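A short write-up of the structure that comes next.
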Number of protein chains: 2
Amino acid sequence: MSTVKRQLEPVPFTQVTFEDAFWAPRLELNRTVTIPHIYQQCEATGRTGAFDLNFERPVPSPIVLIFGDSDPAKWMEAASYSLATHPDPALEAWVDSVAEKIIHAQQQDGYLNTHFTVTQPEMRWKNLRDWHELYCAGHLIEAAVAHYQATGQRKLLDALCRYADHIDATFGHEPGKQRGYCGHPEIELALVKLYHATQNPRYLKLATYFVDERGQQPNYFDIEARARGEDPAHFWAKSYEYCQAHTPIREQTQVVGHAVRAMYLLSAVTDLAHENDDPTLLETGERLWHQLVTRRIYLTGGIGAARHIEGFTQDYDLPDETAYAETCATIGLMQWNHRLLQFSGEGKYADLIERALYNGVLSGISLDGAHFFYENPLASAGHHHRESWFVCPCCPPNLARTLASLGGYFYSTGANDIWVHQYAQGTAKMKVNEREVNLRQVTKYPWDGDVKLEIDVAGPQRFTLHLRVPAWCEQWHIAVNGEHASRSGKDELSMGEGYIHLRREWNPGDAVEYRMEMPIRAVWAHPAVRDLQGRVALERGPIVYCLEGIDHAGTILDRIAIDPHNVSNEFQVEQDDQLLGGVSVLRGKGTVVDESGWEDVLYRNRPPSSKSIDITAIPYYAWDNRAPGQMRTWLQAGGG
Amino acid sequence: MSTVKRQLEPVPFTQVTFEDAFWAPRLELNRTVTIPHIYQQCEATGRTGAFDLNFERPVPSPIVLIFGDSDPAKWMEAASYSLATHPDPALEAWVDSVAEKIIHAQQQDGYLNTHFTVTQPEMRWKNLRDWHELYCAGHLIEAAVAHYQATGQRKLLDALCRYADHIDATFGHEPGKQRGYCGHPEIELALVKLYHATQNPRYLKLATYFVDERGQQPNYFDIEARARGEDPAHFWAKSYEYCQAHTPIREQTQVVGHAVRAMYLLSAVTDLAHENDDPTLLETGERLWHQLVTRRIYLTGGIGAARHIEGFTQDYDLPDETAYAETCATIGLMQWNHRLLQFSGEGKYADLIERALYNGVLSGISLDGAHFFYENPLASAGHHHRESWFVCPCCPPNLARTLASLGGYFYSTGANDIWVHQYAQGTAKMKVNEREVNLRQVTKYPWDGDVKLEIDVAGPQRFTLHLRVPAWCEQWHIAVNGEHASRSGKDELSMGEGYIHLRREWNPGDAVEYRMEMPIRAVWAHPAVRDLQGRVALERGPIVYCLEGIDHAGTILDRIAIDPHNVSNEFQVEQDDQLLGGVSVLRGKGTVVDESGWEDVLYRNRPPSSKSIDITAIPYYAWDNRAPGQMRTWLQAGGG
């Protein structure tokens, strides 16, 4: 049962440290390589310089330049998170200089957008449908809140409050205001953050207005287009589903349109369910979540199958090789599920965060930290590679801010509760009932399912420790201080909603040994997913595996079949600390179609024959980090 | 071995009559329903009326109106063929009135195009790339030749000769002429027909010029675009492959671009190989043919996988449900293969004609003769249906002219030879060595492989009877006058290039009994055809089978699997004369995925289970003639 108020409070990322071989080096790489790389790209492409307001740009301008302010903003957010956990004077100097630039670009009336100040001032607030003006404002607000929280400095926050005040004076139901909202949701969730940073309820009210007004009739985008002298029917995306404006959110029955927009809107919707004590919004989120996860999501947590709208198509339309599955969309999925998780601690949301994080998000960044996937297909014939930057560079800074604040996804607290949502070696500081509790995980996760949890309390304290049992985990064992825990006795053990609940009086030095069995698993897709019929994928723990060309010299991966009926015995796990930053690979046998006899024939009256082949599967997220080449996640299911 | 001169001479369709239950009713329906229907549609849409030159049309005009002259032209061709085999005063009156209209639309200088006479006279010959001006001329020429041959009247032929003379004066290498050619090949093959009808070698020379100049550098379409003040790089189709102008035809290594354009060009190329004794053109055709049939053709003879260019994509890119496979393209394939077949009588060309005719062409027309497929996908979720007309109505009159002249594909003669390429009950009149031979087939083909051939000669005559052994036929038996024929003895029997060669002295009353075994066959596609991996189709004789929704109440056809390893025993053939105009259906057992247990899950760690289902397969060509619904040709291969 969900309640409409959050029962859980996330432990801030600033209180979580990683001491593991998996995340700790990635976060350090994010700080030392990725964040500087993005800064330099924003500089080199004039995105930070734009705030000096002395650029020239053609009209009509490329849309990606129109919303170019959002990229330094997301970088600023990432850099601020990094500073919050790791002092870095050089980075701080960059952050400060960009903050100054942003502040100086603000107009007298509070307006703050480089494109519509310099290039098209006459078009200010004239095309909310296409031009991302409020979207940019939202990212600047998120940046300002992060900057304030990291540095304690109010100057950028104050500037963005003035901008938010200007927006508040411009949009709303009141007479004289425009009844508009942005074609790309983002400002809604940003305003909730601003409300929390300032305690000013006007920002919450404005966020609520933006969510409630969206999709109402007469449709604002129709009105706005006619005011520009355009026929609304000529909207290139054909449907306002693209901008989440086809119908009010409470009336939506399926997740549609542009995937990032859907995720950002649903994040705000879930925020407002809590803030406004609004059960209709929580129900909306739960309904759309169910539809999404049972119909429209890739195994990797990727969402949005179609390139032409960067978004959703039909139920069960999940082609692997042409999957769009934008990195930003899966990051948005994590953000939304993180919010849903806090209501009553249902493990399905944390499961999905884990699936997204270790697969469809992590695939977005190279092991060198400076190359990125925008699209994350589940198969490639060999022509899909990470790039150091994009014409539309939304994904790199989104990855950077996600990694820099990753710890925030791991734990929550409640009245007398600690939830461990995710597993990684490291320490978290939190308070339960006003008393400080330190929790340390010792584990080789995600390569091993053994987790030792050291509970450091000042003195005896009674609370419930909730440990997530991942959906992939069919067998687990738990012991407290070396003794098997059970439903009775001094440790009250229970299980529900995807968590073990361990209620007891904790004492200094207590330790929980939690073992999640982590066999290799074969996974099948719903029979309605036509592109995956007769196919099977391999998973182990939270990791989706794939085959890469480099490990199968010359073989066309798409012709490889495995016998899926006993993969836990037929495949072996091998940890290789030298490979791909340290991974567990899966090795086994498969068969590959023998093409001989097919040279000069396209159709024939007997099936292709096969021969045996050694297979090596690597984690999906790690592909395309060696030689460019093919990749396949879904293999043909052969044998038995 | 091919020779560069045709060894075979097609027996004209006027000498072939059908007396069967399959084609005879279809040809009668073509005459009584389809041809009148198209006439009325051309009238109703102003296409015939346009020749009165008093219409109004916006500029820019829809492209399909710009080439609207071609539709009455193809109708005229179809109607003329029909008149040539079946007198019909009402139809003759229509034909005459349209011929008069066309003649009166001709300009003083011979020019004859309604759009560029009325709407955009200043753009005459200014955009050969896009505007089909010479394409329309080609269809008018084909119409005029057919009209002349059917009626003996020269008036339309003479008008089109004047137009051809005008074109000849306009285009060519000579000083003062434009070095142009049409973006849509068609006039080339039409000019060869005009050459044969008139014996005027200038028309052959002009056809040769058009074929030779195409794709030369500097590219004419670049020059022409710049002359219009356009950047050639802005060509919407991106590549001149679309218009067969990316490179000279002799340098092409694969069939690319718009499929109809490719087929019409290759038909002309093959004509010119013979006419000009040009081995380079025959080699070109053979090379491209090989590449096409081993890489880029559907099981139905459909070609051109992609809607956006109505044409070819990559090798082995043959998705079934989104197959474009335009009816006109497969008709073009028949025309081209008919030409290739005449060089040395290689059965592979007649095999492909058969495959195209009974499947991808015949699917283009409904059993009521008045509804048409433009696209012929090999699967449908239920939303693809024949239409009575199209915005671009190229396919209906193309079907009508093909059916009205169908007999022309059945036989050829040589110096001392008769070739029987196709089988159907009926009679053909032909001359061998100046002596008349009548040949009658008695057969239930395509539902049965037994063919009795009655050879009616005036007296003893020695020649070779070549009977095609279809590629699908693995076992056959032959007897002459009740005696088993053999390699020695008085009947010299040999086999080669896909034909039985039966050399003997024929006498009045001789009969050959030819039995082609016609088991049900399972067919697999090349492993590189990703969309067909793990799938299998059913064929019997020349017929490709499919499953239709109406025969499998409620079942999603895409989830049905069959055991393909013994289909000739597991499935039964049942002739049903009441069904779909009389067809053999295939009945057997399959399995269907059981969706229970998948209601709320998209991925899981065990495969879908299956249950048994009765399967009825109908001929692919006959689908969508009962209730609208699903259709699948390629089924999942399950079992063994």
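Some observations on this one:
- Percent of beta bridges antiparallel (DSSP, the protein assembly as shown, rounded to nearest 5): 95 percent
- Protein heavy-atom surface of the range A:199-257, 1.4 angstrom probe: 52% of the accessible area is carbon and sulfur, with nucleic acids and ligands not counted.
- Panel values: the range A:248-380, Kirkwood radius from alpha carbon pairs, Stokes-Einstein at 10 °C and 1.306 mPa s, translational diffusion coefficient 108 µm²/s.
- The ellipsoid that matches the Cα gyration tensor of the range B:488-640 has semi-axes, each √(5λ) in whole angstrom, of 40, 19, 13, with the longest given first.
- Between the beta carbons of A:ASP576 and A:GLU497, assuming R0 = 35 Å, the FRET efficiency works out to 0.45 to the nearest 0.05.
- By average C-beta atoms within 10 angstrom, highest first, the peptides A:614-624, A:80-90: A:614-624, A:80-90
- The distance separating the Cα centre of the range B:206-231 from that of the range B:262-320 comes to 22 Å.
- The distance between label points at A:GLN7 and B:GLU230 comes to 6.6 nm (points 7 Å beyond Cα on the Cα→Cβ vector).
- Ranked by how many other beta carbons lie within 10 Å on average, peptides A:578-589, A:446-457 from highest: A:446-457, A:578-589
- Accessible area buried between chains B and A, both sides summed, probe 1.4 Å, in Å² to nearest 100: 3400 Å²
- Solvent-free Debye scattering, log10 I(q)/I(0), computed from the Cα coordinates of chain A at q = 0.07, 0.12 Å⁻¹: -0.45, -1.31
- Our coupling estimate for the range A:117-122, obtained by passing each phi through the Karplus curve with A = 6.51, B = -1.76, C = 1.60 and θ = phi - 60°, is 8, 8, 8, 9, x, 6 Hz, Gly and Pro reported as x.
- Nearby aspartates and glutamates by direct alpha-carbon distance to B:LYS589 (threshold 12 angstrom, same-chain neighbours under 8 apart not counted): B:ASP563, B:GLU570, B:ASP614
- For A:CYS392, solvent-accessible area (1.4 Å; no DNA, RNA or ligand), Å²: 30 Å²
- Computed from the C-beta positions of A:GLU251 and B:ASP594, the FRET efficiency with R₀ = 30 Å rounds to 0.30.
- Paramagnetic reach from B:ASP317 in the range B:358-380 [backbone N under 20 Å; point 7 Å along Cα→Cβ]: B:375-379
- Per-residue ³J(HN,Hα) for the range A:459-466, Karplus 6.51 cos²θ - 1.76 cosθ + 1.60, θ = phi - 60°, Hz, x for Gly and Pro: x, x, 8, 9, 7, 9, 9, 9
- Virtual spin-label span in nm between A:ARG307 and A:THR280, 7 Å along Cα→Cβ: 4.1 nm
- Working from Cα pairs under 8 Å separated by at least six residues, relative contact order for the range B:520-637 is 37 percent.
- Using C-alpha pairs below 8 Å separated by at least 6 residues, the relative contact order for chain B is 13 percent.
- Over the range B:413-516, relative contact order from alpha-carbon pairs under 8 Å, at least 6 apart, %: 29 percent
- Relative to its residue count, the range A:133-236 spans a Cα convex hull of 97 Å³ per residue.
- Residue-averaged beta-carbon neighbours from other chains (10 angstrom radius) around A:529-541: 3
- Bridging of A:LYS205 to aspartates and glutamates at a Cα separation below 14 Å is possible for A:ASP165, A:ASP168, A:GLU174, A:GLU188, A:GLU213, A:ASP271, A:GLU275, A:ASP277, A:ASP278, once same-chain residues fewer than 8 apart are set aside.
- Radius, Kirkwood style, for the protein assembly as shown when every pair of distinct Cα atoms is counted (Å): 34.8 Å
- For a straight C-alpha distance cut-off of 21 angstrom, the lysines reachable from A:LYS126 (same-chain residues fewer than eight places away being disregarded) are A:LYS177, A:LYS238.
- The share of accessible area on the range B:407-565 that comes from carbon and sulfur is 44 percent, using a 1.4 angstrom probe.
- Counts of other chain beta carbons within 10 angstrom of each beta carbon in peptide A:519-528 average 6.
- Reducing the range B:1-78 and the range B:172-197 to their Cα centroids gives an inter-centroid distance of 21 Å.
The values are calculated or read from the model by the stated rules, or taken from the named source; none is laboratory data. Bear in mind that the values here come from a model prediction, so they are computed numbers and not experimental data. Every residue, glycine among them, receives a Cβ derived from its backbone with ideal geometry; neighbour counts consider all protein chains shown. We work out accessible area using only protein heavy atoms, side chains counted, and drop any ligands, DNA or RNA first. Shrake-Rupley method; radii C 1.70, N 1.55, O 1.52, S 1.80 Å.
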